C-alpha cells in the first residue's frame, strides 16, 4: 500500500486518467473528489462489498464457492503473490 500525506486542495493521480483531490479536512473526516472516466465505477467500500454480496446471491453460488472466488480475486489483485 502506498501511503501519502496531502493537504486540502492537493491531489494524487492514478495512471493518466484518475485524479483524487483532497477537498476538505475537518475534525476526523476528509472529503475527497474523484475524477475518473465513466468506464470506471467508483463506490464507497461498504457499498462495493454489498454489491458483491448481492451479485453472489443472484448467481446462486454456495458460500464455499463464493469464498473460493473471493480468494482467487484477492490473489489476482495482489502484485506480491
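Among the residues of segment 48-70, those identified as in a helix (DSSP H, G or I) and surrounded by fewer than 10 Cβ atoms within 10 Å (Cβ to Cβ) are 58, 63, 64. Filtered by the rule that a residue be outside any strand (DSSP E or B) and surrounded by 12 or more Cβ atoms within 10 Å (Cβ to Cβ), segment 1-41 gives 6, 8, 36.
Quick grid of which residues meet (1) modelled with pLDDT of 95 or more; (2) closer than 25 Å to residue 73 by Cβ; (3) more than 14 Å from the chain's Cα centre (by Cα):
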residue	(1), (2), (3)
9	yes, no, yes
18	yes, yes, no
22	yes, no, yes
27	no, no, yes
32	yes, yes, no
36	yes, yes, no
49	no, yes, no
59	no, yes, yes
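The values are calculated or read from the model by the stated rules, or taken from the named source; none is laboratory data. Predicted model only: the values in this text are computed from it and were never measured. Positions of Cβ are backbone-derived with ideal geometry, glycine not excepted, and every protein chain shown enters the neighbour counts.
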